[in-house]
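The values are calculated or read from the model by the stated rules, or taken from the named source; none is laboratory data. Values in this document were obtained by computation on a predicted structure and should not be read as measured data. With ideal geometry, Cβ positions are generated from the backbone for all residues, glycine too; neighbour counts draw on all protein chains shown. To get the accessible areas, we keep the full protein, side chains included, count just its heavy atoms, and leave off ligands, DNA and RNA. Shrake-Rupley method; radii C 1.70, N 1.55, O 1.52, S 1.80 Å.
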Amino acid sequence: NAGVTQTPKFQVLKTGQSMTLQCAQDMNHNSMYWYRQDPGMGLRLIYYSASEGTTDKGEVPNGYNVSRLNKREFSLRLESAAPSQTSVYFCASRVQGANYGYTFGSGTRLTVV
Amino acid sequence: ELKVEQNPLFLSMQEGKNYTIYCNYSTTSDRLYWYRQDPGKSLESLFVLLSNGAVKQEGRLMASLDTKARLSTLHITAAVHDLSATYFCAVDSDFGNEKLTFGTGTRLTIIP
């Protein structure tokens, strides 16, 4: 099993450009999450999806949109990138209600210049 | 709003010494997670603590949970260089609508 797969691994954008970060999981998990990690800080939740067809805002949703395309895939879109969105983005998934942990992807390192 | 505080933020210790990282949180969640992150890497799950009084050990690391005090500890015994990393605690929200809130992390450096 691949677990949680994120693409791309690295990306450089110019201010104002748009892009979509892709995330897919093959573990049949129903909940998926997008976090960002900035230097010296823990991970902060951007958006999450408790099940296919539902999405909710997390702690820092401004400037982002998400799509839960199906049970496997959860994408994060930056419509007009800003330097403040320079960060490392992690996707995660889990089985809702289960007593075990979250599985994280390898991350996407995004730089906005 | 759920808040998770870790201390210390930075820890430099000699090999062979013992130390404890503390994680305080602000709600009544009884599910707490510890993760390890190496530079430039993703998060590696270390422990999942699911109830008051839970204690788990793996090698030189031991984690415990006191839900009444809203406190978890990660104890390092006889530290070795390979344990150098950043350690995060994270707390789950309401059962059935889970999402993790992370502490700011403890950057641990083990000095030979």
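Some values worked out for this structure:
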quantity: Positions within the stretch A:88-113 being of a type in the set (Val, Ile, Thr), open to solvent by 40 Å² or more (accessible area, probe 1.4 Å) and at pLDDT 95 or above, in sequence order; calculated: A:THR111, A:VAL113
quantity: Residue within the stretch A:60-78 that is over 19 Å from A:GLY3 (Cα atoms) and modelled with pLDDT under 95 present; calculated: no
quantity: Hey, B:GLU44 in a loop (DSSP other than H, G, I, E, B), open to solvent by 60 Å² or more (accessible area, probe 1.4 Å) and modelled with pLDDT under 95 or not; calculated: no
quantity: Pick from the stretch B:52-108, criterion within 14 Å of chain A (Cβ to nearest Cβ), over 24 Å from A:MET41 (Cα atoms) and open to solvent by less than 60 Å² (accessible area, probe 1.4 Å), ranking: modelled with the highest pLDDT; calculated: B:ALA54
quantity: The stretch B:15-39, residues that are at pLDDT below 90 and not charged (D, E, K, R); calculated: B:THR27, B:THR28, B:SER29
quantity: Matching residues in the stretch A:7-28 - criterion: being under 11 Å from A:SER93 (Cβ atoms) and open to solvent by less than 10 Å² (accessible area, probe 1.4 Å); calculated: A:CYS23, A:GLN25
quantity: Filtered residues of the stretch A:71-85 (kept if open to solvent by 50 Å² or more (accessible area, probe 1.4 Å) and either touching a helix residue (DSSP H, G or I) at 6+ places or on another chain (Cβ under 6 Å) or polar (S, T, N, Q) (or both)); calculated: A:SER80, A:SER84
quantity: Matching entry among B:SER64, B:SER93, B:SER12 (being in contact with a Ser or Thr (Cβ under 8 Å, 6 or more places away or on another chain), in contact (Cβ under 8 Å) with a residue 12 or more places away in the chain and closer than 25 Å to A:GLY105 by Cα); calculated: B:SER93
quantity: Residue tally, condition among the polar types (S, T, N, Q), open to solvent by less than 30 Å² (accessible area, probe 1.4 Å) and under 16 Å from A:VAL4 (Cα atoms), over the stretch A:30-59; calculated: 2
quantity: Unique residue being touching a helix residue (DSSP H, G or I) at 6+ places or on another chain (Cβ under 8 Å) and within 27 Å of A:ARG109 (Cα to Cα) when the list is B:LEU108, B:LEU83; calculated: B:LEU108
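So that you can scan it fast, the table gives a plain yes or no per residue for (1) modelled with pLDDT of 90 or more; (2) closer than 27 Å to B:PHE47 by Cα; (3) within 12 Å of chain B (Cβ to nearest Cβ):
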site: A:GLN25; (1), (2), (3): yes, yes, no
site: A:TYR35; (1), (2), (3): yes, yes, yes
site: A:PRO39; (1), (2), (3): no, yes, yes
site: A:TYR48; (1), (2), (3): yes, yes, yes
site: A:PRO83; (1), (2), (3): yes, no, no
site: A:THR86; (1), (2), (3): yes, no, no
